[in-house]
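**Student:** My structure is below; once you've seen it, I'll send some questions.
Just so it is clear, none of the values below were taken in a lab; they were calculated from the coordinates. Every value quoted in this text rests on a predicted model; they were computed, and no experiment measured them. For neighbour counting, all protein chains shown are included, and Cβ atoms are generated from backbone atoms with ideal geometry for every residue, glycine included.
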Amino acid sequence: MTLKQAKEKVKALSFVVEELNIYSSLGRRILLESQFCTDKSLLLQRYAIIAKCEGYLSLGANRKTLKKVRAILACLHDIKGTMKQLASGVTLDDISLFEIKFFAIEASRIKSLLFDFDCSDLVIDDLEGVISILDPEGLHLNQFYIYNAYSKELAQKRKAWEEAQEDKKEALYLQCSELEDTIRQELCQKLFPYKDTLEKAIQTVGKIDMFFAMAEYFSANGFSAPEFTQEISYSQLTYPPLVKKLSEEGKQYQPIDICLTQTPTLVSGANMAGKTILLKSLQLAQLLAQFGFFVPAKQAQLPLVCDVLTSIGDRQNEDEGLSSYGSEILILNDIIKKVKQGNQYLVLVDELARTTNPKEGVALVDSFISILSNYCSFSVITTHYSGIKTKCYRLRVRGFIHSKEQKSVSIADLSSHIDYSLIEDKEERVPNEALNIAELLGVDSELISKAREFIK
Amino acid sequence: MPFIKDILRYKSISFVGLEKNTGKTQTLNYVLDRLCSFSNIKIGLTSIGIDGEKEDQVTLTAKPQITIDPGTLFVTAEGLYRQKEIVANILNLSQRQTALGRLVFARSETKGKVLLGGAGNTAWLKEVIAQMHSLGADLVLVDGALSRMSFGSPSITQAMILSTGAALSASLKTVVKKTAFVYQMTQLPQIDSELASKLSDIDSGIYAITQDEEVIDLDIPSILMIERYKDKLFSQGKRLFVSGIITDKLISFLRTQKDCQQIEIIIKDFTRVFSSPEQTNMFLQKGGKISVVQRTNLIAITVNPFSPTGYNFKSQELISSLQQEIPLPIYNIKENADL
């Protein structure tokens with residue numbers, strides 16, 4: 001799975017990707033080609049590069065250098081297509097040769113700007129060999145054509161063509177073109193041995209763009225490098241899309257601390273208390289970590305999993321004519337199948353079996369949890385159901401801060417009345433706050449009072 | 001050497017044809033040929049969309065390629081660049097694509113022929129012109145699109161040369177009327193510079209201009225629904241700024257108002273007039289006013305008395321009929337080739 005594919009499915013991932021200030025199309029390509037990675041050493045290597053970039057940027061003078069590098073990056077083209085042609089042995093035209101020369105000169109400029117940046121993974125190979133092939137006059141300018149300097153014969157033919165009478169011109173122009181073609185062939189033959197060097201330089205330039213963008217964004221937004229362990233543990237985990245939205249409204253996001261083991265975790269809590277966001281935060285952080293990003297938490301420890309399996313509200317099958325229950329149960333089936341194969345997954349299920357009657361719903365939750373507890377995956381399930389009997393780790397969102405004076409609140413500032421932190425819960429009962437919340441929101445009083453009578 | 005001296009006063013000029021085969025490209029070639037004697041001026045050359053093709057795609061008549069001198073900067077699409085008959089040094093490539101590939105910025109090393117095709121929209125064209133100036137061009141010539149007047153906007157190029165001719169209509173009278181109307185619109189009065197600076201960045205909506213030159217948004221989403229907002233339209237006076245285009249519907253609505261002679265419509269420039277000559281003139285004759293934020297410098301008009309479908313006018317008759325309506329230099333480039 002590439003980042004490009006994953007970000008289509010997970011909006012928050014796409015959000016973080018778009019927040020990065022990537023300046024070149026090749027930086028963006030390299031970023032989006034990042035693979036979901038289960039190799040610890042590869043990930044640690046990426047984290048080390050990001051950390052080096054962060055260190056480099058901590059100096060003001062270096063930030064100025066980065067500005068210059070970025071001005072170059074913004075003008076760079078992704079010459080992937082041209083490189084493919086070169087590698088396949090095709091003779092390139094002037095435009096493609098110009099692209100290679102332009103890239104080589106600009107990449108060398110980046111190399112010299114970053115001369116004191118000590119990070120071996122981001123050192124661009126020397127491209128002087130490439131430049132000299134395409135710069136017979138030694139001017140080091142960002143220009144290219146089949147120079148007269150390549151061939152005396154061509155220079156003479158061109159002169160003859162220019163001075164010829166109109167009726168002889170076409171024939172002479174054709175002769176010039178043929179000579180030019182021969183020179184292009186020779187140039188491509190000379191460039192061919194440099195194809196790997198160039199390909200690597202393209203990758204490195206893209207990585208420079210990508211890693212500096214990451215480092216800058218991660219420092220500014222309090223992301224940190226995760227450690228890999230056999231437990232999930234976040235201190236001050238946040239959810240960047242919501243952090244940004246709230247800060248635009250002048251509000252603050254309340255970060256969450258959470259620790260999870262392979263014992264399935266059941267999260268309860270009032271409506272609107274952030275259970276879904278908790279699941280989405282866990283999903284996002286796990287994906288980010290395994291795509292080689294830092295994670296939005298002060299401290300993070302997590303295991304490497306094969307995939308993050310979710311059932312969080314976005315049931316596409318409903319469009320295919322399945323009922324909401326039908327589509328949910330098929331997703332759950334898919335999860336069970338995968339988990340039973342024995343690989344380690346992160347399973348996140350929002351309000352398991354909420355789409356059916358409570359009696360059977362509770363039974364399904366019980367059964368789902370008991371199956372998962374036999375396998376090595378990590379799982380978090382949220383629920384509104386009381387009476388789940390199966391042994392599991394239970395967490396509850398603290399929820400509403402009740403205050404007597406507050407009669408009614410608007411949806412907009414509801415969040416300031418909620419404590420989103422998690423506490424361990426020993427009971428099987430879930431909080432009954434649906435009616436209290438409805439009352440706070442100023443819902444029709446008859447609806448609420450009648451409901452209360454029915455409860456009695 | 002007609003009108004060449006006028007050309008040298010500007011940094012950018014667009015060549016606009018009122019119809020295909022009115023001789024726009026010939027005019028451009030003529031100007032390029034004459035400019036080459038001013039060796040100290042660096043010429044830049046580009047075009048709008050696909051133009052300069054060897055054969056006219058619609059009528060299949062031969063179209064001249066554009067001949068340029070050594071040292072000319074030109075910008076054309078990749079696909080057309082490859083068809084050049086010239087030695088040229090590539091200086092830059094655009095990141096964006098046209099239908100015929102990216103734009104190639106190049107400088108000619110020899111004299112020869114190029115095919116031009118350029119940016120496909122006005123915003124991009126503006127950027128291309130600016131880039132050409134920064135690459136050293138003193139004067140940028142833009143081979144404009146046919147009958148797409150918007151590319152002749154003074155917000156893009158400082159001046160314009162217009163080509164007209166028999167291809168526009170089989171009737172001499174119609175050719176004169178249509179050409180004279182374009183000329184007339186380029187001569188609309190310009191508002192004062194203080195107000196102009198307030199209006200030049202407004203891109204949507206209709207506004208009232210009060211006596212103190214305060215700009216008030218009338219909150220009318222589109223002139224296409226003008227009847228619905230009749231009451232709002234004159235709520236702040238009779239001086240209006242229409243940021244988009246003006247159409248027959250708007251003009252005839254305004255003309256039928258009782259205080260028509262007090263109404264002034266301000267538009268960005270002459271390219272925003274989409275109303276017909278008849279409706280526009282009726283409005284103006286009734287005393288209504290149309291002014292522009294930015295005036296166009298129409299340098300000259302060139303004519304081609306031949307139409308691709310066979311009929312033609314007498315060159316002198318066409319020129320003198322136009323000259324009666326238009327006090328500008330008017331030339332038949334083909335006849336004047338030796339001037």
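**Student:** Give region A:75-90 a look and list any residue that's away from chain B (no Cβ under 14 Å), in contact (Cβ under 8 Å) with a residue 24 or more places away in the chain and assigned to a helix (DSSP H, G or I), or say none.
**Tutor:** Hits for region A:75-90 are A:MET83, A:LEU86, A:ALA87.
**Student:** For the list (1) within 14 Å of chain B (Cβ to nearest Cβ); (2) closer than 14 Å to A:ILE133 by Cβ, I need the number of the one condition that A:ASP93 fails.
**Tutor:** The one condition A:ASP93 does not meet is (2).
**Student:** Please determine, by comparing only the residues of region A:135-192 that are outside any helix (DSSP H, G or I) and exposed (fewer than 14 other Cβ atoms within 10 Å of the Cβ), which one is nearest to the other protein chains (Cβ to nearest Cβ).
**Tutor:** Filtering first and then ranking leaves A:LEU141.
**Student:** Would you check if A:ILE72 is assigned to a loop (DSSP other than H, G, I, E, B), among the aliphatic types (A, V, I, L, M) and either away from every other protein chain (no Cβ under 11 Å) or under 30 Å from the mean Cα position of the chain (by Cα) (or both)?
**Tutor:** Details: assigned to a loop (DSSP other than H, G, I, E, B): no; among the aliphatic types (A, V, I, L, M): yes; either away from every other protein chain (no Cβ under 11 Å) or under 30 Å from the mean Cα position of the chain (by Cα) (or both): yes.
Against the criterion (assigned to a loop (DSSP other than H, G, I, E, B), among the aliphatic types (A, V, I, L, M) and either away from every other protein chain (no Cβ under 11 Å) or under 30 Å from the mean Cα position of the chain (by Cα) (or both)), A:ILE72 does not qualify.
**Student:** Still on this model: List the residue pairs whose Cβ atoms are under 6 Å apart, where the first residue sits in region B:75-97 and is more than 7 Å from chain A (Cβ to nearest Cβ) and closer than 17 Å to B:ALA137 by Cα, the second is in a strand (DSSP E or B) and of a type in the set (S, T, N, Q), and the two are 6 or more positions apart or on different chains.
**Tutor:** B:VAL75/B:THR46
**Student:** Name the residue, out of A:THR38, A:THR65, that is among the hydroxyl-bearing types (Ser, Thr, Tyr), more than 14 Å from every other protein chain (Cβ to nearest Cβ), more than 15 Å from A:MET214 (Cβ to Cβ) and in a loop (DSSP other than H, G, I, E, B).
**Tutor:** On the way: A:THR65 fails: in a loop (DSSP other than H, G, I, E, B).
Of the residues listed, the single one that is among the hydroxyl-bearing types (Ser, Thr, Tyr), more than 14 Å from every other protein chain (Cβ to nearest Cβ), more than 15 Å from A:MET214 (Cβ to Cβ) and in a loop (DSSP other than H, G, I, E, B) is A:THR38.
**Student:** Let me ask another. Name the strands (runs of 3 or more DSSP E) wholly within region B:68-125 that hold at least 3 residues that are not β-branched (Val, Ile, Thr)?
**Tutor:** Values: elements: B:73-77, B:88-98, B:101-108, B:112-114.
Output list reads B:73-77, B:88-98, B:101-108.
**Student:** Would you mention how many residues in region B:98-120 are within 12 Å of another protein chain (Cβ to nearest Cβ) and not hydroxyl-bearing (Ser, Thr, Tyr)? Working first, answer last.
**Tutor:** Of all residues in region B:98-120, those within 12 Å of another protein chain (Cβ to nearest Cβ) come to B:101-113.
Right, trim to not hydroxyl-bearing (Ser, Thr, Tyr) and you get B:101-107, B:109, B:111-113.
So the count comes out to 11.
**Student:** Would you mind listing the strands (runs of 3 or more DSSP E) fully within region B:244-305 where at least 3 residues are within 30 Å of B:TYR331 (Cα to Cα)?
**Tutor:** Working: elements: B:264-267, B:289-292, B:297-304.
Counting at least 3 such residues, we get B:289-292, B:297-304.
**Student:** If you don't mind, another one. I need the full set of residues from region A:255-271 which are under 20 Å from A:GLN301 (Cα atoms) and surrounded by fewer than 18 Cβ atoms within 10 Å (Cβ to Cβ), in order please.
**Tutor:** Scanning region A:255-271 gives A:ASP257, A:CYS259, A:THR261, A:THR263.
**Student:** Could you count how many residues in region B:283-330 are under 18 Å from the mean Cα position of the chain (by Cα) and of a type in the set (Phe, Trp, Tyr)?
**Tutor:** So the answer is 0.
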